[in-house]
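See structure below.
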Amino acid sequence: MGNLNEASAFSQKSPYEIYQEWEGIPAYKDFIVPDLLKLELGHWDRTGGKAAFVNMEGAGGTCDTIVEEIAPGGQLKPVRHMYEKAVFILQGQGATTIWNEGGRKHTLEWQRGSLFSTPLNTWHQNFNAQGSEPVRMISLTDAPVIVNRYRNLDYIFNSSFVFTDRYSGGADEWGKGGRYLPEVKRGRVWESNFIADLWGFQPKDYKERGGDNRTTLFEFVDNTMSAHLSEFPAGKYKKAHRHGAGAHIVMLTGSGYSFLWEQGQDRNKKRVEWGRMSMFVPPMQWWHQHFNPGAAPARYLALKPWGFKFNVEDLRDTGEDVKKGGAQIEYEDQDAEIHKIFVRECETRGAQPRMAMFGT
C-alpha cells in the first residue's frame, strides 16, 4: 500500500506529490483561497468522506491543509497517522472519538469555531451530529515533511507505535500529566488541545503589534505546531512583521487586505484581498501587514507548523522592533505610502480611519 521508493515513474515529483495523486482528491495550489466553504471537494476513499488538499504557495512545503466534509448525519472512517494535525471546524456540529490501539475511548464534542488537535498516531473518528447540513473542517498537518522523509504510507498510516508520553488514552487522561489537556489558561498563552469556540473567544491585548490588536496563542500541548487568534478593530491596521513559512491565516470576520513583500522589495508589494472564510499564507520571511478598512472587526485564526514550546525553529520575536533584532517594523519606520493607501481605502469602503499616531 504505498512504498513511495518504488514510484520511479514519478522521479520528477516529490514523494508527497505522488502521495497526493494516489489519494485521488483535488489538490489546490494558489496564493489565496477566497472562500473555504465554497471549495470543491472530491470523494476520499481513505476517510469515506469528501476532501481536498490545499497546498498554499507560501507554505514552502513545510505543511499542508486538508478541507474535509462529513455528510448530514454521517461519519468518517477511523484513521491514524504519524504526522501532527490541528483541526478547525468551519461549519457544523459533531464529535471526534480518540483512542489508542486497544485502549479506552474519549469523545470530544465540537461545533462551528472549535479548535483541537489529535494526539500523534492516535486513532480518531469524526461524526456529524446534525442531520440537516454537512460538517466542513480544515486541518493543518505536517504530512509533506513526514511523507517526503519516510516515503512509506504503510508506516505513516499503519504504525502500531503508541506515544504514551503524549496520550495514554481515555477520559481519565484528559487532564493529567501535561498530556492531552482541556482548556488551561497561562496568561496570553493557552496550552490546550481543545478550544470550544473561537468566534466567542476573547483574545488578550497585544499592544506590541499596534492597531489595538488582541491576540491569544494556543500551544497544542506536546505537539510542535501551534495557532493564534487575533482581532483588530475597523479603521485600524497592524504593524508589519515576518516569520517562518506555513502560517495559514483563516479569516473569521471582517473584510480588508494585506500587503506582503520580500526584504528589499517593499516597492513591489503583493496585495491580497480577504473576507470571511478566506485563507492565505505569507511566504517564509516575507514581511506582511494586515489592514481593516471595513465596517466590522477583523478576526482571524493562524494555524502554524511551529510553536514556541519546543525550540525546534529559529524564531525571532515578531513583537520586537527589527532595529533591536526582532521581526517587526514600527509605524514610524514603515513606507509612508502605506498609510495614504489605507486612508483612501477607508474612504472608499465607508470606515473611519482611527490611527491616532498618524493624526487620523
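Can you name every residue in segment 320-340 that is assigned to a loop (DSSP other than H, G, I, E, B) and either on the phi > 0 side of the Ramachandran plot or out of contact with any Lys or Arg (no Cβ under 9 Å at 6 or more places or on another chain) (or both)? Give the derivation first.
The initial filter retains those residues of segment 320-340 that are assigned to a loop (DSSP other than H, G, I, E, B), namely 320, 325-327, 330, 334-335.
Matches in segment 320-340: Glu320, Gly325.
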Inset, instruction - State all residues of segment 309-346 that are in contact with a Phe, Trp or Tyr (Cβ under 9 Å, 6 or more places away or on another chain) and at pLDDT below 90; if no residue qualifies, say none. - result: Lys309, Val312, Glu313, Leu315, Gly319
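Residue-by-condition table, conditions (1) outside any helix (DSSP H, G or I); (2) of a type in the set (Asp, Glu); (3) closer than 30 Å to Ala245 by Cβ:
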position	(1), (2), (3)
Phe342	no, no, yes
Cys346	no, no, no
Ala351	yes, no, no
Arg354	yes, no, no
Met357	no, no, no
Thr360	yes, no, no
Inset, instruction - For residues that are under 12 Å from the mean Cα position of the chain (by Cα) and β-branched (Val, Ile, Thr), tally how many sit in segment 50-103. - result: 6
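Let's see how each residue does on (1) in contact with a strand residue (DSSP E or B) (Cβ under 8 Å, 6 or more places away or on another chain); (2) closer than 20 Å to Asn213 by Cβ; (3) not hydroxyl-bearing (Ser, Thr, Tyr):
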residue	(1), (2), (3)
His243	no, yes, yes
Gly246	yes, no, yes
Gln263	yes, no, yes
Arg267	no, no, yes
Pro283	yes, no, yes
Trp286	yes, yes, yes
Legend entry - Odd one out for Thr348, checked against (1) touching a residue at least 40 places away in the same chain (Cβ under 8 Å); (2) under 30 Å from Asn55 (Cβ atoms); (3) exposed (fewer than 14 other Cβ atoms within 10 Å of the Cβ): (2)
Inset, instruction - Look at Ala296 and say whether it is more than 18 Å from the chain's Cα centre (by Cα), small (Gly, Ala, Ser) and surrounded by fewer than 16 Cβ atoms within 10 Å (Cβ to Cβ). - result: yes
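Which one of Lys105, Lys77, Lys38 is in contact with a Lys or Arg (Cβ under 8 Å, 6 or more places away or on another chain), more than 22 Å from Arg149 (Cβ to Cβ), surrounded by fewer than 18 Cβ atoms within 10 Å (Cβ to Cβ) and of a type in the set (D, E, K, R)? Show your work before the answer.
Values: Lys105 fails: in contact with a Lys or Arg (Cβ under 8 Å, 6 or more places away or on another chain); Lys38 fails: in contact with a Lys or Arg (Cβ under 8 Å, 6 or more places away or on another chain).
Exactly one residue qualifies, and that residue is Lys77.
Which ranges mark the strands (runs of 3 or more DSSP E) fully within segment 211-318 that have 1 or more residues being without any contact (Cβ under 8 Å) to a residue 40 or more places away in the chain? Steps first, please.
Details: elements: 214-219, 226-232, 248-253, 256-261, 270-274, 287-292, 298-304.
Hits in segment 211-318: 214-219, 256-261, 270-274.
The values are calculated or read from the model by the stated rules, or taken from the named source; none is laboratory data. Values in this document were obtained by computation on a predicted structure and should not be read as measured data. Neighbour counts run over all protein chains shown; Cβ positions are idealised from the backbone, glycine included.
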